[in-house]
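First comes the structure, then the notes that go with it.
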Amino acid sequence: MSKMLVVLKREYLQVVKSKSFLIGIILAPLFMVAVVILPMWLAGAKSSTGEKVSIIDQSGAGIGRKFIEAISEYKLEGSDKPYYILKDLIEIEPGDDVSFNFFKDSLRTQIVDQQLKYFLVIRPEAHLLDSNIYLVTNSDNFVSLNRFERKISNVLSTMRLNASDVNISIDSVLNITRRIDLVVQDAKGEAIPFQIKYFSAIIFAGIIMGMILSYGQLVMRSVIEEKNSRIMEVLVSSVSPFQLMLGKVLGLGAATFTQIAVWVAMGSLLYSQKTTLDISPSIDRILFNPVIVVFFGLFLISGYILFSTLFALIGSMVNTEKEAQGYVMPISLVLIAPFIVGISIVQDPNSTLAIVLSMIPIMAPTMMMMRLVFIVPTLSEYSLTSGIIGEAILSLTIVVVTIVFTVWLTAKIFRVGILMYGKRPTLPEIIRWVKH
Amino acid sequence: MFLSLKNVRKEFDGKVAVDDLCLEIPRGIIYGIIGPNGAGKTTTIRMIMDITAPDSGSIMFEGQPRRPDFKNHVGYLPEERGLYKKMTLHEIIIYLSELKGMSPAKTRPQIDPWLERVGLADYGQKKVEELSKGMQQKLQFVTTIIHDPDLIVLDELFSGLDPLNMELIKDIILDLKRAGKTVLFSTHVMEQAEKLCDNICMISNGKKVLDGRLADVRAQFGKNSVQLEIDGDGHFIRSLPGVGDVSEFSNYLELQLLDNADSNALLIAIAQKVTVRRFDIVEPSLYDIFIDMAKIDPSELDKPGGERHV
């Protein structure tokens with residue numbers, strides 16, 4: 001036992017003291033912030049300055065003015081100042097196409113030069129023909145586009161109602177016919193946007209996959225290095241092959257957890273600033289959900305041990321890393337599989353396919369994690385034997401049972417394989433070692 | 001008995017590597033296991049080290065089955081050896097001694113004296129990869145004995161060592177013996193065994209051919225061997241009375257004499273047909289004894305004088 005700890009300590013320090021470890025700790029979260037958090041944050045962020053709008057109104061009916069009045073109700077966040085700033089309102093006679101073309105070209109240039117965000121074109125007879133109104137912009141700020149659409153519709157509806165002989169107040173018509181924006185909620189009455197779930201699922205499953213692949217392969221490389229440098233036989237004259245294998249797996253596992261612990265610490269720091277950072281409650285509910293975090297830890301540990309044992313097994317059977325690649329490839333594919341079939345999982349995380357895949361031991365850690373994020377559980381709402389938490393526990397149990405088997409198998413092959421130099425064992429040979 | 005093997009047997013894929021081997025190794029001696037490549041020396045040593053388990057038979061250390069801490073009392077230098085290239089000498093010595101159950105605090109004061117003894121005093125903080133091959137061999141030897149083991153097992157110790165280092169390590173081995181340690185080593189070069197060992201065991205094809213004190217083995221074979229140099233065809237000699245086995249080289253022969261042989265009569269008989277340049281009655285070398293006992297093809301062994309060692 002104590003010798004296993006000596007091996008563990010060396011393997012751990014070997015990694016933690018390396019520069020690449022430090023770089024990984026700092027760079028990975030930065031990368032994640034850049035790729036995932038930043039766009040989400042930007043999308044939800046409020047602009048602090050307004051957007052400039054110009055209008056060319058050729059309708060002769062004052063549609064432009066009414067539109068400006070309508071959008072003036074939007075204010076900058078936490079201020080009385082209007083969100084939309086009118087740059088120019090250009091009213092042209094319906095027949096004056098020379099002026100129209102001149103102003104249109106000049107406004108287009110302003111858009112290109114970014115002096116102007118939008119300009120609305122209202123051609124003659126606009127209240128009759130929808131295609132006679134259009135918006136020119138390089139922006140795809142769907143919030144603004146939505147507002148414009150709504151307000152111009154209101155203005156035109158009012159005009160059309162006025163022109164008709166319907167004997168009813170215009171306001172009540174607008175009220176009756178107003179467009180509804182559906183607010184999407186989940187079964188628990190809370191709304192987590194799909195994108196946030198999807199990104200979170202990718203983050204959790206991605207960390208598990210990345211950690212297993214990188215640190216699992218470190219275990220393999222370490223075994224191959226010891227075979228190649230011929231120190232292996234010296235080592236097994238002091239420790240048993242099993243102690244050696246366990247020391248490696250756990251030592252590098254400890255390094256994995258150091259890395260994650262640092263990230264969690266960074267995340268907690270971020271979390272403590274959540275009011276100033278304006279983290280949306282949806283992200284809060286997934287990333288900082290204790291149930292998800294606990295299962296993340298459990299699946300990471302069990303997944304890592306399962307795969308690093310397999311990587312140790314590969315390392316003991318081969319002589320060079322090149323030889324090992326042939327075995328590593330299928331393992332990597334299995335780990336990446338959830339991201340490939342992922343889209344069908346996220347569309348229906350309770351489908352039979354999703355449930356079955358999340359019970360297959362080598363896929364369970366990533367697959368179950370994705371489902372957990374999509375069915376965001378809370379402790380109080382699910383029993384430990386049914387529902388998503390019950391399934392997660394079952395899946396975890398399957399993984400643990402598989403670990404017991406792979407550790408047993410690896411120990412058998414490892415003790416013979418590490419002393420085989422030069423020649424790769426054949427399958428019948430391996431079977432004989434296991435039986436022995 | 002310090003270390004004993006009883007009826008030990010090991011098969012690999014249906015091929016018998018070690019067959020019904022019995023060894024008795026007393027405390028405080030240098031014991032040599034000799035035999036050609038592939039005879040089963042390394043397999044025997046790996047079983048002694050508990051790296052591989054015998055299929056049957058037992059191995060006893062100090063009269064008892066080996067305890068879990070057995071490995072802590074043994075220093076082992078395998079034939080296939082190496083070190084972590086990126087560690088410093090101090091780091092690797094401490095690590096390997098820690099694996100033998102020694103605390104770093106106990107190891108640390110012994111590192112520099114040992115490094116000094118093998119001429120690596122200035123390299124303590126250097127990385128292993130900065131050492132020459134010969135230096136790495138000496139460092140490896142230090143890591144084998146730094147934890148003061150009672151039994152030191154050296155598999156093909158001298159392979160790849162240059163003559164100067166060989167002398168240095170031979171001296172350390174003799175010191176260890178004086179300090180009461182038991183040294184077990186294997187070699188396929190008989191001359192090394194002849195010069196270092198108190199006891200030997202010869203194995204061939206996994207079977208023990210003979211063993212015992214070197215002096216006894218020699219005495220058992222008596223002074224019944226003749227080294228002969230002649231001019232001419234000596235083929236007729238093997239049919240002369242009193243002559244046993246003959247190893248024949250071009251102008252040089254080694255004759256085993258039968259117990260009742262008359263060496264004078266033999267010399268006269270030879271001198272009548274060819275010119276005798278040398279006629280020496282000598283003790284048989286281990287090489288001859290081995291060839292005689294194992295009935296093997298001499299080409300499987302390194303010939304005497306083929307390699308100059310120690």
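The values are calculated or read from the model by the stated rules, or taken from the named source; none is laboratory data. Everything numeric in this text was worked out from a predicted model, so none of it was measured. Neighbour counts run over all protein chains shown; Cβ positions are idealised from the backbone, glycine included. Side chains are part of the model used for accessible areas, which takes the heavy atoms of the whole protein and leaves out ligands, DNA and RNA. Shrake-Rupley method; radii C 1.70, N 1.55, O 1.52, S 1.80 Å.
Quick notes
- Residue identified as among the hydrophobic types (A, V, I, L, M, F, W, C) and open to solvent by 60 Å² or more (accessible area, probe 1.4 Å) among A:Leu107, A:Leu128, A:Leu89, A:Leu120: A:Leu128
- Qualifying residue in the stretch A:255-275 (condition: in a helix (DSSP H, G or I) and within 21 Å of A:Gln325 (Cα to Cα)): no
- On the stretch given as the stretch B:3-26, residues that are within 28 Å of B:Ser285 (Cβ to Cβ) and not in a strand (DSSP E or B) total 1.
- Of all residues assigned to the stretch A:418-426, at least one qualifies as being under 30 Å from A:Gly210 (Cβ atoms), in the same structural domain as A:Val236 (by TED's automatic domain parsing) and modelled with pLDDT under 80.
- Single match in B:Leu139, B:Leu83 (criterion: aliphatic (A, V, I, L, M), under 26 Å from B:Ser186 (Cα atoms) and not in a helix (DSSP H, G or I)): B:Leu83
- Among residues of the stretch A:253-273, those that are polar (S, T, N, Q) and under 25 Å from A:Val15 (Cα atoms), counted: 4
- Within the stretch B:219-236, the residues that satisfy the criterion of being buried (at least 19 other Cβ atoms within 10 Å of the Cβ) and over 18 Å from B:Ile289 (Cα atoms) are B:Ile230, B:Gly234.
- Beta carbons closer than 6 Å, at least 6 apart along the sequence or on distinct chains, pair a first residue in the stretch B:173-196 that is more than 18 Å from B:Val142 (Cβ to Cβ) with a second that is open to solvent by 20 Å² or more (accessible area, probe 1.4 Å) and of a type in the set (Lys, Arg) for B:Thr182/B:Arg27.
- Restricting attention to the stretch B:91-113 and to residues that are part of a helix (DSSP H, G or I) and open to solvent by 50 Å² or more (accessible area, probe 1.4 Å), the residue that is farthest from A:Gln243 (Cα to Cα) turns out to be B:Pro113.
- Picking from residues in the stretch A:193-231 that are among the basic types (Lys, Arg) and surrounded by fewer than 17 Cβ atoms within 10 Å (Cβ to Cβ), the one that is farthest from A:Leu335 (Cα to Cα) is A:Arg230.
- On the stretch given as the stretch B:237-266, residues that are under 23 Å from B:Ile289 (Cα atoms) and not in a loop (DSSP other than H, G, I, E, B) total 17.
- Every residue from the stretch A:292-301 that is open to solvent by less than 10 Å² (accessible area, probe 1.4 Å) and at pLDDT 90 or above: A:Phe299, A:Leu300
- Those residues of the stretch A:307-356 which are crowded, with 18+ Cβ neighbours inside 10 Å and outside any helix (DSSP H, G or I), in sequence order: A:Val318, A:Pro349
- Residue in the stretch B:114-127 that is nearest to B:Gly75 (Cα to Cα), counting only those that are more than 28 Å from the chain's Cα centre (by Cα) and surrounded by 15 or more Cβ atoms within 10 Å (Cβ to Cβ): B:Gly124
- Among (1) more than 10 Å from chain A (Cβ to nearest Cβ); (2) open to solvent by 10 Å² or more (accessible area, probe 1.4 Å); (3) aliphatic (A, V, I, L, M) - the single one B:Leu3 does not satisfy: (2)
- Count of the stretch B:48-57 residues which are open to solvent by less than 60 Å² (accessible area, probe 1.4 Å) and without any contact (Cβ under 8 Å) to a residue 40 or more places away in the chain: 2
- Meets criteria (farther than 30 Å from A:Glu11 by Cβ, open to solvent by less than 40 Å² (accessible area, probe 1.4 Å), more than 10 Å from chain A (Cβ to nearest Cβ) and assigned to a loop (DSSP other than H, G, I, E, B)) for B:Leu161: yes
- Pairs meeting the criteria (first residue in the stretch B:96-118 and away from every other protein chain (no Cβ under 12 Å), second residue loosely packed, with under 15 Cβ neighbours inside 10 Å, beta carbons under 6 Å, at least 6 apart or on different chains) are B:Leu115/B:Ala121.
- Among the numbered conditions (1) out of contact with any Pro (no Cβ under 7 Å at 6 or more places or on another chain); (2) buried (at least 17 other Cβ atoms within 10 Å of the Cβ), the only one that A:Glu69 does not meet is (2).
- Residue in the stretch A:336-348 that is of a type in the set (D, E, K, R) and at pLDDT 85 or above present: no
- Among the residues of the stretch A:393-429, those identified as open to solvent by less than 30 Å² (accessible area, probe 1.4 Å), over 16 Å from A:Phe311 (Cβ atoms) and within 13 Å of chain B (Cβ to nearest Cβ) are A:Leu419, A:Pro425, A:Glu429.
- Residue check for B:Ser132: more than 12 Å from chain A (Cβ to nearest Cβ) and within 23 Å of B:Val18 (Cβ to Cβ): no
- Number of the exception - B:Ile92 against (1) within 12 Å of another protein chain (Cβ to nearest Cβ); (2) among the hydrophobic types (A, V, I, L, M, F, W, C); (3) farther than 24 Å from A:Gln14 by Cβ: (3)
- Test: residue in the stretch B:64-86 that is more than 14 Å from chain A (Cβ to nearest Cβ), touching a Phe, Trp or Tyr at 6+ places or on another chain (Cβ under 7 Å) and either open to solvent by 10 Å² or more (accessible area, probe 1.4 Å) or without any contact (Cβ under 8 Å) to a residue 60 or more places away in the chain (or both): no
- Index of the failed condition, B:Met60 passing every other in (1) open to solvent by 10 Å² or more (accessible area, probe 1.4 Å); (2) in a helix (DSSP H, G or I); (3) of a type in the set (A, V, I, L, M): (2)
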